[in-house]
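A.B. asks: Pasting a structure below so you can have a look.
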Amino acid sequence: MVQLPEPCEEKSEAYKVGYANICEIGKERIRRAGQKIKAENPVTFADLDTGFRVFKLDDSNMLDVYYSAEEYGQDLLAHMESNIKPDRTDLDLLFGCLLEWGLPLSMPYHSEKIDGCTVHTYNDGDLIACFDRNIPDSVVMEIAKRQPLRAVFQDACFASSPSKINVWERFKLLAPDTRVKVI
C-alpha cells in the first residue's frame, strides 16, 4: 500500500477518534484485517504473521561530499570522517542497501549481537550487515563463515586501513563468492 500522509479534516469522524492522517487509518485497517483473519480462522491461522512495515520516503543516507579543489582545507577534513548523515540508524542503512541492490523490502530480517556488535541478517543470508564502529576480527570472521551473498560494512567500522583490507582477505578465504561492500 502506498499512501501520502494526507491530513484528516478536523471535522471528520476519523480525526475525532485520533487519526491525524490517512496513513494512520490505513495502518489501523491492516491491523484489524489481520486480527479478523486470525479470529475467524483460529485453527488455520493462529500463528499467522500479520505484521507489516511502514517506510517513509526520505533522501539519501549519504552526505553531500562533493567539493571543488579550492574548497578543500584542513578544517574540511575533520568534517569528512564519515560520509553517512549523523541522524541515520542501522536500519536506515540496511534498507538503503537493499534498495541500492534492488532487493525486495518485504523479506524477513533479524538482528543479533555477536561479540558486542549488532549484526543484521536479511533473508537468511542474502545480505549480512554490521554498521558498528571498530568491529573486531571475530565478528568479520563469523559473518564470512556464514557465506552470505552480500556483506555490508560502514567505513567507520574499521579502526585502520589495514583492518579494512583484512576484511576483503578474510572473505576471499572463507566466502569467495560473497560481494563485500563498504559504505
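A.B. asks: Which of the residues spanning the range 1-28 are closer than 20 Å to Leu48 by Cα and loosely packed, with under 11 Cβ neighbours inside 10 Å?
C.D. replies: Across the range 1-28, the qualifying residue is only Met1.
A.B. asks: Specify which of the listed residues (Ala151, Ala144) is modelled with pLDDT of 95 or more, within 20 Å of the chain's Cα centre (by Cα) and in a helix (DSSP H, G or I).
C.D. replies: Details: Ala151 fails: in a helix (DSSP H, G or I).
Ala144 is the lone residue from the list that is modelled with pLDDT of 95 or more, within 20 Å of the chain's Cα centre (by Cα) and in a helix (DSSP H, G or I).
A.B. asks: If the Cβ limit is 7 Å and pairs must be 6+ apart or interchain, which residue in the range 81-110 that is open to solvent by 40 Å² or more (accessible area, probe 1.4 Å) pairs with which residue that is hydroxyl-bearing (Ser, Thr, Tyr)?
C.D. replies: Listed by first residue and then by second, the contacts come to Asp90/Thr118; Met107/Tyr122; Tyr109/Thr121; Tyr109/Tyr122; His110/Thr121.
A.B. asks: Here's something else I'd like to know. Those residues that are over 27 Å from Pro86 (Cβ atoms) and either touching a Lys or Arg at 6+ places or on another chain (Cβ under 7 Å) or open to solvent by 60 Å² or more (accessible area, probe 1.4 Å) (or both), I need them from the range 143-165; list them, please. Spell out how you get there, then give the answer.
C.D. replies: Let us first name the residues in the range 143-165 that are over 27 Å from Pro86 (Cβ atoms), namely 144-149.
Of everything in the range 143-165, those that are over 27 Å from Pro86 (Cβ atoms) and either touching a Lys or Arg at 6+ places or on another chain (Cβ under 7 Å) or open to solvent by 60 Å² or more (accessible area, probe 1.4 Å) (or both) turn out to be Ala144, Lys145, Arg146, Gln147, Leu149.
A.B. asks: For residues that are open to solvent by less than 70 Å² (accessible area, probe 1.4 Å) and part of a helix (DSSP H, G or I), tally how many sit in the range 171-183.
C.D. replies: We begin by selecting, within the range 171-183, every residue open to solvent by less than 70 Å² (accessible area, probe 1.4 Å); these are 171, 174-175, 178, 180-183.
Filter once more, so that each one left must be part of a helix (DSSP H, G or I): 171, 174.
Total meeting the criteria: 2.
The values are calculated or read from the model by the stated rules, or taken from the named source; none is laboratory data. Being a predicted model, the structure only gives us computed values, none of them experimental. Using ideal geometry, Cβ is built from the backbone for each residue, glycine included, and neighbour counts are taken over all protein chains shown. Side chains are part of the model used for accessible areas, which takes the heavy atoms of the whole protein and leaves out ligands, DNA and RNA. Shrake-Rupley method; radii C 1.70, N 1.55, O 1.52, S 1.80 Å.
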